[in-house]
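Since every read-out is calculated from the coordinates, none of them should be taken as a lab result. Note that the coordinates shown come from a computational prediction; the quantities given were computed from them, not determined experimentally.
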Amino acid sequence: MDSIESQAAGVYSIDQIRAWSSLAWLPGVFDRPLAEGSGWLSLENDQAEAFALRYPSNRLALLYCRGRAARRGHATGLLARLEAEAYQEGLRCLCTEASLLSQPLLSKCGWRVKAQESIEIGGVSFDRYRMEKVLQAGFNRGFDAS
């Protein structure tokens, strides 16, 4: 919720921010991805500053970073780890549905927009991007997901 509320102003309306951040409080919304997904945390001074999660294994399901830690490499590092892990598991492509906040970062990290779409959260309309990344050996130097 901090990620959305601290970074979405100027990109999303107040109604969109409220609708999106309210998802965290709805029972069951994230239960299955959190229980069955595979992910990483980025820590700083023993505090979780960002997390990324794949669910199912070929999909980036969640990527969030606290506002205080934004633009400091946390999300980029997490993406590299998830991509390396997926490649080591034999996957050659990952997909996601990216928000207006995450699309620029994903594009910078080599993800490609496949389509733009509109969805509703709590009766409020949102635009997002279907994206994918083809994984290749050696694409992610410096990270070992083992």
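Points worth noting:
- Couplings 3J(HN,Hα) of segment 127-132, computed from phi: 9, 8, 10, 7, 10, 8 Hz, in residue order, whole Hz [Karplus 6.51 cos²θ - 1.76 cosθ + 1.60, θ = phi - 60°; x for Gly and Pro].
- Once backbone amide H atoms are built at 1.01 Å from N, E49 has S42, L43, E44 as its partners under 5 Å, excluding neighbours fewer than 5 places away on the same chain.
- Per residue, the convex hull spanned by the Cα atoms of the chain amounts to 117 cubic angstrom.
- Per-residue 3J(HN,Hα) values for segment 68-77, derived from phi via the Karplus relation 6.51 cos²θ - 1.76 cosθ + 1.60 with θ = phi - 60°, read 5, 10, 5, 6, 10, x, 4, 5, 4, x Hz in sequence order (x marks Gly and Pro).
- Close amide H partners of I121, meaning residues 5 or more places away or on another chain with modelled amide H under 5 Å apart, are F126.
- Note on the chain: helix-only mean residue ellipticity at 222 nm, from DSSP H runs of 4+ residues weighted -39500 (n - 2.57) and normalised by residue number, equals -8000 deg cm²/dmol.
- Each residue of segment 90-107 was assigned a 3J(HN,Hα) from its phi angle through the Karplus curve 6.51 cos²θ - 1.76 cosθ + 1.60 (θ = phi - 60°); the sequence is x, 6, 10, 7, 10, 10, 6, 10, 9, 6, 5, 6, 8, 4, x, 5, 4, 4 Hz, with glycine and proline shown as x.
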